[in-house]
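Engineer: Got a structure for you, questions after.
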Amino acid sequence: MFEPEVETRPWSEQRSIDERSYRQQLAYLFGRSRFYRDKLERAGIRSAAAAGGLADLTRLPLTDKRELRESRAPGDPIGAHLAAAPEELVRIYSTSGTSGTPSYIPLTAGDLDNWVTGSARSYAASGVASGQRIVSTYNAGPFVAGAALASFDRLGLCHVPVGTGNTERLMQAIELLRPQAAVLTPSYAAYLVEWAAARDIDLAGSSVERVLVAGEPGGGEPGFRAGLEEGWGARVHEAMGIGEIGVSLWGECEEQDGMHLGARGFVHAEVVDPATGEEVEMDEHADGELVLTHLRHRAAPLLRYRTRDHVHVRVAPCRCGRTSPRIRCIGRTDDMLIVRAVNVFPSAIREVVGAFAPRVSGYIVVRPRAPGVKQDPPLPVAVELGRGVSADASLAESIRERIRDVLIVQTSVELVPWGSLERNEWKSRLVEH
Ligand SMILES: [Zn+2]
């Protein structure tokens, strides 16, 4: 453990510490954040005292990425949630800006330090240890992933950055420098298994004992994970963050039973119903959209920020001794489809289909017939066959029945030849509208 005294602290004690931090954070927001002063006033809350404590948090409005974007102006490129003075900032990251101008994510020195600390706890949970080598495949560039890479230094790892999209360089580094760990997206990890197989390279026999996956959901799906673990001959551990809140906030321990909140003390987590925004109790096996609140942030703190990640919550004690809640990300709420009142995540379909390996490759694409979220059954799903496997009607029927039994949704399954669905080195697209 990176910080055992923090990570094993009883959760009730953590909650008391968080309560104090939260009340200070609220006072700071009222003092320094134009965005929250206005937003909370519109909700009839005119002071930190009126907003109450963590138990009253669910009375406060949720914050959406769109609102932050709309609060930007030419003279105000970061947005009205910027709460620190310009000279207090030491870093400004940006998002990939899929919808035009990038969103800027500013940090003070203290914020950055907290990010790196939380990320170090999350990655250390996987079992990587000081003195080991880790090869990374992120082009951090403008993105928050840079802070995750800094956490490798904090852990005393020897970091071998090879960047994105250079598979030859990566494989050479693995062969010659013999790292014990590799960090990459689950899509890229899966792509490399096929890449190596096609060239008769023994990836499973490489020095890599731990594959740390982050950047998109999927690494926790049992079928998909089993394929990665076999292909790499390594344990697979997931980590997850969200740009506006923090990098690698969550990280999976050696029990591989969900990601612990490594950023405990810095961030408060709750779940809500994605359709209504109503609170969902953080009980064992709760499901809902993850909502995060900064507790000790200075540059641009956020309150009840909707992550659009749909998660499954575990709060029962973990054998590793860490006391924080754990989550598994089921998928993006943006990818969610509603088929005759049933919520369907394409990643959940992929998980069910993955159990049919090696007859299937593990790649699927959902191709909804109607635009938007609501769909009529059957939902069309293209399922890629395994290498050298030919289509057979009984396999398609078995997959269809299994999806119906597990996810309660009617699909039409089309089997497509091996290699025909797009492999993306960065993120897999699971839905094609
Ligand atoms: Zn654990």
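The values are calculated or read from the model by the stated rules, or taken from the named source; none is laboratory data. Because the structure is predicted, anything quoted here is derived from the model rather than measured. For neighbour counting, all protein chains shown are included, and Cβ atoms are generated from backbone atoms with ideal geometry for every residue, glycine included. Surface accessibility is based on the protein's heavy atoms, side chains included, excluding ligands, DNA and RNA. Shrake-Rupley method; radii C 1.70, N 1.55, O 1.52, S 1.80 Å.
Engineer: Check Ser412 against each of (1) part of a strand (DSSP E or B); (2) open to solvent by less than 30 Å² (accessible area, probe 1.4 Å); (3) not acidic (Asp, Glu) and name the one condition it does not meet.
Structural biologist: So Ser412 meets the others, but not (2).
Engineer: Residue check, Arg328 against (1) within 16 Å of the ligand (Cβ to nearest atom); (2) in a loop (DSSP other than H, G, I, E, B); (3) of a type in the set (Lys, Arg), all met but one. Which one?
Structural biologist: (2) is the only condition that Arg328 fails.
Engineer: While we're here: So Val383 clears everything in (1) under 15 Å from Ser347 (Cα atoms); (2) open to solvent by 20 Å² or more (accessible area, probe 1.4 Å) except one condition, right? Which one?
Structural biologist: (2)
Engineer: Then there is this: Specify which of the listed residues (Arg20, Arg37) is under 29 Å from the mean Cα position of the chain (by Cα) and without any contact (Cβ under 8 Å) to a residue 12 or more places away in the chain. Talk me through it step by step, then tell me what you get.
Structural biologist: Working: Arg37 fails: under 29 Å from the mean Cα position of the chain (by Cα).
Only one candidate qualifies: Arg20.
Engineer: Could you tell me whether any residue of the range 104-120 is open to solvent by 20 Å² or more (accessible area, probe 1.4 Å) and assigned to a loop (DSSP other than H, G, I, E, B)? Even if it seems obvious, please write down each step before you answer.
Structural biologist: Taking the range 104-120 as the starting set, the residues that turn out to be open to solvent by 20 Å² or more (accessible area, probe 1.4 Å) are 104, 109-110, 112-114.
Right, trim to assigned to a loop (DSSP other than H, G, I, E, B) and you get none.
Scanning the range 104-120, I find no residue that is open to solvent by 20 Å² or more (accessible area, probe 1.4 Å) and assigned to a loop (DSSP other than H, G, I, E, B), so the answer is no.
Engineer: Return the total of residues in the range 226-277 being buried (at least 19 other Cβ atoms within 10 Å of the Cβ) and either within 16 Å of the ligand (Cβ to nearest atom) or assigned to a strand (DSSP E or B) (or both).
Structural biologist: 28
Engineer: Here's another thing I want to ask about it. I need a count of the residues in the range 116-148 that are within 24 Å of Glu244 (Cβ to Cβ), more than 16 Å from the ligand (Cβ to nearest atom) and among the basic types (Lys, Arg).
Structural biologist: The qualifying residues number 0.
Engineer: Determine, yes or no, whether Pro358 is without any contact (Cβ under 8 Å) to a residue 60 or more places away in the chain, surrounded by fewer than 18 Cβ atoms within 10 Å (Cβ to Cβ), within 16 Å of the ligand (Cβ to nearest atom) and farther than 20 Å from Met240 by Cα.
Structural biologist: no
Engineer: Report yes if Ser151 is crowded, with 19+ Cβ neighbours inside 10 Å, outside any loop (DSSP other than H, G, I, E, B), within 16 Å of the ligand (Cβ to nearest atom) and polar (S, T, N, Q), otherwise no. Please lay out each step first, then the result.
Structural biologist: Values: crowded, with 19+ Cβ neighbours inside 10 Å: yes; outside any loop (DSSP other than H, G, I, E, B): yes; within 16 Å of the ligand (Cβ to nearest atom): no; polar (S, T, N, Q): yes.
When the stated conditions are applied, Ser151 does not pass them.
Engineer: Given (1) part of a strand (DSSP E or B); (2) open to solvent by 70 Å² or more (accessible area, probe 1.4 Å); (3) within 16 Å of the ligand (Cβ to nearest atom); (4) not aromatic (Phe, Trp, Tyr), identify the lone condition not met by Asn343.
Structural biologist: For Asn343, the exception is condition (3).
Engineer: If you don't mind, there's one more thing I want to ask. Could you identify the single residue in Arg332, Arg326, Arg308 that is farther than 25 Å from Thr95 by Cα and in contact (Cβ under 8 Å) with a residue 24 or more places away in the chain?
Structural biologist: Working: Arg332 fails: farther than 25 Å from Thr95 by Cα; Arg308 fails: farther than 25 Å from Thr95 by Cα.
Sole residue among the options that is farther than 25 Å from Thr95 by Cα and in contact (Cβ under 8 Å) with a residue 24 or more places away in the chain: Arg326.
Engineer: Based on what the data block shows, is Pro74 more than 20 Å from Thr293 (Cβ to Cβ), surrounded by fewer than 20 Cβ atoms within 10 Å (Cβ to Cβ) and in contact with a strand residue (DSSP E or B) (Cβ under 9 Å, 6 or more places away or on another chain)?
Structural biologist: Values: more than 20 Å from Thr293 (Cβ to Cβ): yes; surrounded by fewer than 20 Cβ atoms within 10 Å (Cβ to Cβ): yes; in contact with a strand residue (DSSP E or B) (Cβ under 9 Å, 6 or more places away or on another chain): no.
Here the answer is no, as Pro74 does not meet what is asked.
Yes/no per residue for (1) of a type in the set (Asp, Glu); (2) crowded, with 23+ Cβ neighbours inside 10 Å; (3) assigned to a loop (DSSP other than H, G, I, E, B); (4) away from the ligand (no atom under 16 Å from the Cβ):
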{"site": "His285", "(1), (2), (3), (4)": "no, no, yes, yes"}
{"site": "Arg298", "(1), (2), (3), (4)": "no, no, yes, yes"}
{"site": "Leu303", "(1), (2), (3), (4)": "no, yes, yes, yes"}
{"site": "Ser324", "(1), (2), (3), (4)": "no, yes, yes, no"}
{"site": "Val365", "(1), (2), (3), (4)": "no, no, no, yes"}
{"site": "Arg369", "(1), (2), (3), (4)": "no, no, yes, yes"}
{"site": "Pro377", "(1), (2), (3), (4)": "no, no, yes, yes"}
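Engineer: Does Glu87 satisfy being part of a helix (DSSP H, G or I), over 16 Å from Leu295 (Cβ atoms) and within 23 Å of the chain's Cα centre (by Cα)?
Structural biologist: Details: part of a helix (DSSP H, G or I): yes; over 16 Å from Leu295 (Cβ atoms): yes; within 23 Å of the chain's Cα centre (by Cα): no.
Against the criterion (part of a helix (DSSP H, G or I), over 16 Å from Leu295 (Cβ atoms) and within 23 Å of the chain's Cα centre (by Cα)), Glu87 does not qualify.
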